[in-house]
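Peer 1: Have a look at the structure that comes next, please.
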Amino acid sequence: MCEVMPTINEDTPLSQRGSQSSGSDSDSHFEQLMVSMLDERDRLLDTLRETQESLGLAQQRLQDVIYDRDSLQRQLNSALPQVCSTSVILPCTFYVLMLAVKV
C-alpha cells in the first residue's frame, strides 16, 4: 500500500507541524487500517460462504452420481446372464462360442 505524505501548511510554524499532524495522522491511518481489515474480513467470509455452498452442491451431485452408478450396475448385473463362473471357464467359453456360430 502506498502512503501519501500529508500536505504541510506553510503558515504553521515548524514546531507545531510535527505535533499537529502526528496524532491525527496516526489516528486516521489506524482507522483506515481497521476499515480495510474489516472489508477484507467481509470479503473473505463471503468467499468462504460461496465456497461452502459450492462444496455442498458438489457433494450432493456426487451422491446422486454414486446412486445412479449403483443402480445401473444392479440393472446390468440382473440383465446379463450368469452363465459363466470362474470354476468352469472352458465349457462356458465353448458354450458362448457355439451360440455365436449358430447366429
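Peer 1: Solvent-accessible area of residue 65, probe 1.4 Å, all protein chains present, reported in Å² to the nearest ten, please.
Peer 2: Counting only protein heavy atoms, the figure is 60 Å².
Peer 1: Among residues other than residue 56 whose Cβ falls under 12 Å from its Cβ, what is the net charge (Lys/Arg +1, Asp/Glu -1)?
Peer 2: 0
Peer 1: Around residue 46, under 12 Å between beta carbons, what's the net of Lys plus Arg minus Asp minus Glu among the other residues?
Peer 2: -2
The values are calculated or read from the model by the stated rules, or taken from the named source; none is laboratory data. Keep in mind the model is a prediction, meaning the values are calculated, not measured. We place every Cβ from the backbone using ideal geometry, glycine too, and count neighbours over all the protein chains shown. Accessible surface is based on the protein model in full, side chains and every heavy atom, while ligands, DNA and RNA are left aside. Shrake-Rupley method; radii C 1.70, N 1.55, O 1.52, S 1.80 Å.
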